[in-house]
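Data block below; observations after.
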Amino acid sequence: MAARLFGRNPPERPGSNEKTSNYITQEGFDRLQREYDELWSVERPKVTEAVSVAAALGDRSENADYIYGKKRLREIDGRLRFLRKRLDALTVVRGAPERADRVFFGAWVSLEDEEGGTVRYRIVGPDESDAASGAISMDSPVGRRLLGREIDDEVEVKRPRGTTVYTVVGIDYSAPDAAPDGETPD
């Protein structure tokens, strides 16, 4: 599966010249699906009811609750359309690749910089990237540079504050809530 994973040309991101991947982890897919379900079954009915109540009060042109409710309903409907299209287009990548000694999609990668500082990133799809939590997109400069690397490989990354050289010191495909290097969480 890992070889097939990177052999495709990713589709273009709408409105840009960038390309984006349609891959996502099971956790990321479940998170988007929960958001869709919450918007559809909880938030939208609540806002629809509020708009109906506001509409019954009379003059809609000066009714702030009605105007805001309709605006919020359009936002929800837009997000629902986006999520539905995106969920249909995504490919969920399950499990570790055959070669767990290399960095592929879904890997937790431990890196050491030139000063001995360490960072840990998970390679994910663009829909679930969140640098603050260590989840970086496979389409990002760092993500692209890490794909296919092995332990002890050096990776040069150009960043706004200068070039940094990282050494791959760990590759792990365990569950995202597992602690690094087999440690048990407190």
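The values are calculated or read from the model by the stated rules, or taken from the named source; none is laboratory data. What you see is a predicted model, and the numbers here were worked out from it, not measured in a lab. A quick note on method: Cβ atoms are made from the backbone with ideal geometry, for glycine too, and the neighbour counts reach across all protein chains shown.
Among (1) under 22 Å from Q26 (Cβ atoms); (2) in contact with a strand residue (DSSP E or B) (Cβ under 6 Å, 6 or more places away or on another chain), where does E156 come up short?
The number of the failed condition is (1).
So, of the residues in the stretch 34-77 that are in contact with a helix residue (DSSP H, G or I) (Cβ under 8 Å, 6 or more places away or on another chain) and in a loop (DSSP other than H, G, I, E, B), which turns out to be farthest from E128 (Cα to Cα)?
L57
Report, by residue number, each residue of the stretch 104-119 that is in contact (Cβ under 8 Å) with a residue 12 or more places away in the chain and either basic (K, R) or outside any strand (DSSP E or B) (or both).
F104, F105, G106, A107, D113, E114
Please find, within the stretch 51-76, the residue that is modelled with the lowest pLDDT out of those that are closer than 28 Å to Q33 by Cβ and in contact with a Leu (Cβ under 9 Å, 6 or more places away or on another chain).
That would be V51.
Can you name the residue in the stretch 88-108 that is β-branched (V, I, T) and in contact with a helix residue (DSSP H, G or I) (Cβ under 8 Å, 6 or more places away or on another chain) and is also modelled with the lowest pLDDT among such residues?
Result: V93.
Could you list all residues from the stretch 120-143 that are surrounded by 14 or more Cβ atoms within 10 Å (Cβ to Cβ) and either charged (D, E, K, R) or part of a strand (DSSP E or B) (or both)?
R120, Y121, R122, I123, V124, D127, E128, A135, I136, S137, D139
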